[in-house]
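The values are calculated or read from the model by the stated rules, or taken from the named source; none is laboratory data. Just so it is clear, the model here is predicted, and its values are computed rather than measured. Quick reminder, even Gly has a Cβ in these numbers, built from the backbone with ideal geometry, and neighbours come from all protein chains shown. Just so you know, the surface numbers come from the protein's heavy atoms only, side chains and all, with ligands and any DNA or RNA stripped out. Shrake-Rupley method; radii C 1.70, N 1.55, O 1.52, S 1.80 Å.
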Amino acid sequence: MKRIIKKNPVVAVAQIKYFDISSVNNIEKIKRYIKLAKKKDADIVCFPESCVHKKLSFHKNHKFIDEIRKECKNNKIWAIVTEDIEIRGKVYNASLLINRKGKIVGDYEKIHLYGDKVNPGRKVKVFNTDFGKIGIAICWDLAFPELFKKMKKEGAKIIFCPSQWWYDSIAHEEKHQVRELEILESLVRVRAYENVCFVVLCNPVMDSKYQISYSAIVSPTKILSKIVEREGLITSKINLSEIKKLEEHYRD
């Protein structure tokens, strides 16, 4: 039987506040936003980097991951959750892709580390979904265009980037958050434009002056939806046929 691909998926981004319901994990918040994304008719919801627990790293079969998988199954929705995960005996900052049946169908290990006390990933990955091929990058990966170029070459039409983007105080003389947000937004827009794909960025809200709480869903030509400095869910219907049309104009 030929697999039918949904042409116009609805993408959701959950810019959640960390550790306000529980001081050590965000499980109840994640489950709540999975339900909310489903109510918004979303096909997939992306959560920020390091979204599950404040301190622990664990295996894919940890009870917290099981709870998230069950919620995806109950709501028939895809989700991307990212945490320090032990895979093949090593700890990585890894994104887990969970399908509508609550199964983990893929994982991506962060390649470009930025002070992370984990092992670097080695492999660029693209995943098949029932709404098309997607790629995943994590936070500082966004600064490396070759990674996105490889995902595009492997057929990714939407690239998700769960993040916990902080600024370095030495990076700006003044207006640190404002200027770092401008850089972050520029990076997302450039990655979408230069690869003719959709890029979905997701950050948290945290009790830290260094956190850039900016999330966005971006097409090759414009920002479709964004949220800044507050908790909330944003969604956008993605017109995948736009990619083919733009590729005809931007062809090498």
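Could you check region 197-211 and list, in sequence order, the residues that are crowded, with 21+ Cβ neighbours inside 10 Å and either part of a loop (DSSP other than H, G, I, E, B) or among the β-branched types (Val, Ile, Thr) (or both)?
CYS197, VAL199, VAL200, ASN203, PRO204
Is it the case that ILE111 is in contact with a helix residue (DSSP H, G or I) (Cβ under 7 Å, 6 or more places away or on another chain), open to solvent by less than 60 Å² (accessible area, probe 1.4 Å) and in contact (Cβ under 8 Å) with a residue 40 or more places away in the chain?
Against the criterion (in contact with a helix residue (DSSP H, G or I) (Cβ under 7 Å, 6 or more places away or on another chain), open to solvent by less than 60 Å² (accessible area, probe 1.4 Å) and in contact (Cβ under 8 Å) with a residue 40 or more places away in the chain), ILE111 does not qualify.
Is it true that GLU194 is surrounded by fewer than 17 Cβ atoms within 10 Å (Cβ to Cβ) and touching a Pro at 6+ places or on another chain (Cβ under 9 Å)?
Considered against the rule, which asks whether it is surrounded by fewer than 17 Cβ atoms within 10 Å (Cβ to Cβ) and touching a Pro at 6+ places or on another chain (Cβ under 9 Å), GLU194 comes out as yes.
Only residues that are on the phi > 0 side of the Ramachandran plot and part of a loop (DSSP other than H, G, I, E, B): list them for region 226-252, please.
Matches in region 226-252: GLU229 only.
Between residues in region 141-162 that are closer than 17 Å to TYR114 by Cβ and residues that are among the acidic types (Asp, Glu) and in a loop (DSSP other than H, G, I, E, B), which pairs lie under 8 Å by C-beta distance while being six or more apart or on different chains?
PRO162/GLU49
For ILE243, only one of the following conditions fails: (1) open to solvent by 20 Å² or more (accessible area, probe 1.4 Å); (2) at pLDDT below 95. What is its number?
For ILE243, the exception is condition (1).
Collect the residues in region 121-134 that are open to solvent by less than 60 Å² (accessible area, probe 1.4 Å) and either touching a Gly at 6+ places or on another chain (Cβ under 9 Å) or free of Cβ contacts under 8 Å to residues at least 24 places away in the same chain (or both), keeping them in residue-number order.
VAL124, LYS125, VAL126, PHE127, GLY132
Does any residue in region 215-229 that is without any contact (Cβ under 8 Å) to a residue 60 or more places away in the chain come within less than 6 Å, Cβ to Cβ, of a residue that is open to solvent by 60 Å² or more (accessible area, probe 1.4 Å) six or more places away or on a different chain, and which pairs are these?
Short answer, once both residue conditions are applied: VAL218/ARG189; PRO220/TYR193.
Considering only region 2-23, state which residues are surrounded by fewer than 13 Cβ atoms within 10 Å (Cβ to Cβ) and in contact (Cβ under 8 Å) with a residue 24 or more places away in the chain.
ARG3, ILE4, LYS7, ASN8, SER23
Is there a residue being of a type in the set (Gly, Ala, Ser) and open to solvent by 60 Å² or more (accessible area, probe 1.4 Å) anywhere in region 140-162?
Scanning region 140-162 turns up no residue that is of a type in the set (Gly, Ala, Ser) and open to solvent by 60 Å² or more (accessible area, probe 1.4 Å).
Go through (1) more than 18 Å from the chain's Cα centre (by Cα); (2) part of a helix (DSSP H, G or I) and name the single condition ALA192 misses.
(1)
If you scan region 213-238, which residues turn out to be touching a Leu at 6+ places or on another chain (Cβ under 7 Å), open to solvent by less than 10 Å² (accessible area, probe 1.4 Å) and under 15 Å from PHE47 (Cα atoms)?
TYR214, SER215, ALA216, ILE217
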